[in-house]
Every structure is written in C-alpha cells, then in structure tokens.
1. Kindly sort Phe250, Phe341, Phe326 by accessible area of their heavy atoms, largest first, with the probe set to 1.4 Å.
2. Helix-only estimate, please: 222 nm mean residue ellipticity of the chain, summing -39500 (n - 2.57) across DSSP H runs of length 4 or more and dividing by its residues, to the nearest 500.
3. If I fit a long axis through the Cα atoms of helix 10-21 and take the longest principal axis of the Cα atoms of the chain, what angle between them do I get, 0 to 90°, rounded to 10?
4. Over 31 Å between C-alpha atoms is what I'm after, so list which of Lys94/Lys349; Lys40/Lys114; Lys272/Lys297; Lys256/Lys344; Lys259/Lys313 land there.
5. Shape call for segment 205-328 from the C-alpha gyration tensor, a ≥ b ≥ c root eigenvalues: rounded (a/c under 1.5), prolate (a/b greater than b/c) or oblate?
6. What accessible area, in Å² to the nearest ten, does a 1.4 Å probe give for Lys349?
7. Go through Leu266, Phe326, Leu312 and say which Cα lies farthest out towards the positive end of the charge dipole of the chain; charges sit on Cβ, +1 for Lys and Arg, -1 for Asp and Glu.
8. Just name one of His53, Asn34, Leu70: the one whose Cα is farthest towards the positive end of the charge dipole of the chain (beta-carbon charges, Lys/Arg +1, Asp/Glu -1).
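The values are calculated or read from the model by the stated rules, or taken from the named source; none is laboratory data. Model, not experiment: these values are computed from the prediction. Positions of Cβ are backbone-derived with ideal geometry, glycine not excepted, and every protein chain shown enters the neighbour counts. Calculation scope for accessible area: heavy atoms of the full protein, side chains included, ligands and nucleic acids excluded. Shrake-Rupley method; radii C 1.70, N 1.55, O 1.52, S 1.80 Å.
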Amino acid sequence: MKLLLLGGNEHSIELLEWLKSIGEEVIYTEEKVNLELVKKINPDFIVSYNYKHIIPKEVVRAYYPRIINLHISFLPYNRGYYPNVWSFLEDTPKGVTIHLVDEGVDTGDILVQKEVFIDEEKETLRSSYLKLHREIQELFKENWESIKTLKIKPIKQHGDQSITEENTAYLSHLSKKEDGIHPSENLRRNIELGDVLLKNFVNLNEEEVEMVRRWRNHPEVRRWMYTDHEINKEEHINFIDSLKGDNKNFYYLVYKGRKPVCVMYLNRLDPKNRNAYFGIYENPEEKIHGAGLILEKSAISLAFDVAQLHTLKLEVIEDNERVINFHKRMGFEEEGRLREFVFKDGRWKDVIVMGMIKKGFAPEQPL
C-alpha cells in the first residue's frame, strides 16, 4: 500500500521508520499540501501525525474515509492545540485517539482510542507527553491492518468541548503574531485557561488588592522573598500602578473556579530572545488542594502557549527544598547557583537557578 504520511517531528519519523520496516511504501512530508500535490503522489491512504498545517477540505473530501489523524487526547476532550497541556489544566480524561479526518479540527469519527492514566504527582509535562506518544504509536501498530482495510466501524464523537475549543482558538490567535511574541497588552489582560483564571494585577478590585498585600506580608511567603519587609498599602498600590506601563513584568492573581489559589508572575521578559523568569506563591490563608500543581501548570501554559517564550527561568533560595523538588517534578532542571546572593536569617545564602526550555514538552500542533 502506498501511504502519504503528514508529519512534523521526531515522533512522526519514528512512525515512518516502523511503516517502512513492515514493507509499506511511504511518502513523507512536513510541508503544507494541496489537492494537486496529493493527486500527483496518488496515495492509497493518508496518515496525519503531528502535522503542523490544517489539511485542505478538498483533500479531506477526496480521500475520506482513507485519511486519519493520530491525536494525543481522549477525544472529544481537548481537541486542537496543546491537548496534553489542556488535559492537565482542565482536569479532563487523558488518552490517545486515532480518528477519521473530517472538515473540522479533531472532530472526525473515532476508530480506536485508549484512556491513559497519568500520575500527576509524579509525571512532568514532558514525561506525560512522551508517554502519550508511546501509547498512540502502539495503538496504531496494533490496529494498522484493520485501519487500512477499513474493517473498523467508526464511532461518532459525543460531547460539547466548546470551552476547550474557544481557549485553543484564543491561544492559536495569540501565537500567530509575526515575531512569535504577542504584544504586551495581551499579557496585561485577564487570561482564562479552562476553569483557571489569571487575573492581571492591574485589573484587581480594592478587595483583591488588599488580599494580595495580606498574602505577600504573610510570614510563610515573606521568608522566601528577596525583599522580606512588610509592605504598606501605599507601597503596594504604587507597585500595582507601576505595572500599567511596564512591558517586562506581569503579575496575576490565580483563581480556580471562584477560589483565589495563588499569585504568579512573569518578569524580566525579553521579547527578542523569548525568555523570562517567573515566580509563584500559594494562598497562605487557605490551603487549596492541588494549588501548587494548578499554579505551576498555569505558569507553564502562560509562558509557552500564550507568551510563546522559548525559555523559562526561576530562582529559589537554596534551603527551600520543598519548592526546589516540586519544580524538578514539573520538569525544571537546575542550571547553576548565584553564590551568596541574598542575606537572610543572619547569613548569606546561595540562590538556585532552574530552567525549562519549550521543547521540554513540545506541545502538539493541530492535525
């Protein structure tokens, strides 16, 4: 059988090599295709896996139902961009799906799928991403003979995923800016990630402003800050006012549903080199179950999906072992030390520098 494999990364290449090993004739491309080009190739079947372009409707119509897509989500959950990231943020079932390609985005009838358990306390975004790709390749290999001979009866998708799709469209729109970094005004707006709301400090009401100041002055928060004096109202209001014209520092009050969970911030943003630092601290007045995980995943999604950064850095005082270990579980790596960088508790302390690069979890493109 002659196949056209539409790919986009190393996982596509792995599948290409397997198909060749079982004797399939495969034409591979990562380029945007049109109906004229596909007709010249004249494949018997089209497989899309990590393909970065929307397949033209004319191609879909001409080859349906001999055109399928491999998608690392448990459809109909988390269609479109970044399915693995959204499954964490929205706490939806995780899995992999092989489906027919129709004229929508990941809306085609399902051929085979598998729900995959991800231990969120142990898995990082990178490790879970790699696990899902291993699962979908195995699912494909197990079912390829039945898929290519059209022996599997397709099942229609059910369920309204409009919220996820709206969020995906929003992130996609922001990421299409020519320089890869959307304008700073988009980071100043409130950002919705599923049922997680990142409310920019410049948009806080008086009650929220005072609540954040109270959190920041809490002993459990101050002890890990470079500046650990108690902040008065005037200083706090002046700081928030300064953010209105600041293009490098962005602070957010994070809500999960209606509960204020934590504060997170991107600072030292460098649009040219697409990097920034971020900081986090939880609500010290009310312990929210899973708050740390919500905050870290929101920060990563904000940095890599919304801001389109390439590199994210953070700094942690050396004896804050709980936070250092938590960041490591999320996929950050220790990159160096700032020797005797802060003076706290009567002595000089090192600061640990940690980092994550976007390719660390390589979000999938649509179709």
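1. These residues rank, largest area first, as Phe341, Phe326, Phe250.
2. -9500 deg cm²/dmol
3. Long axis of 10-21 versus the principal axis of the chain: about 20 degrees.
4. The pairs that break the limit, which is 31 Å between Cα atoms, are Lys94/Lys349; Lys40/Lys114; Lys256/Lys344.
5. The shape class here is rounded.
6. 10
7. Final value for the positive-end residue is Leu312.
8. Most positive-ward Cα: Asn34.
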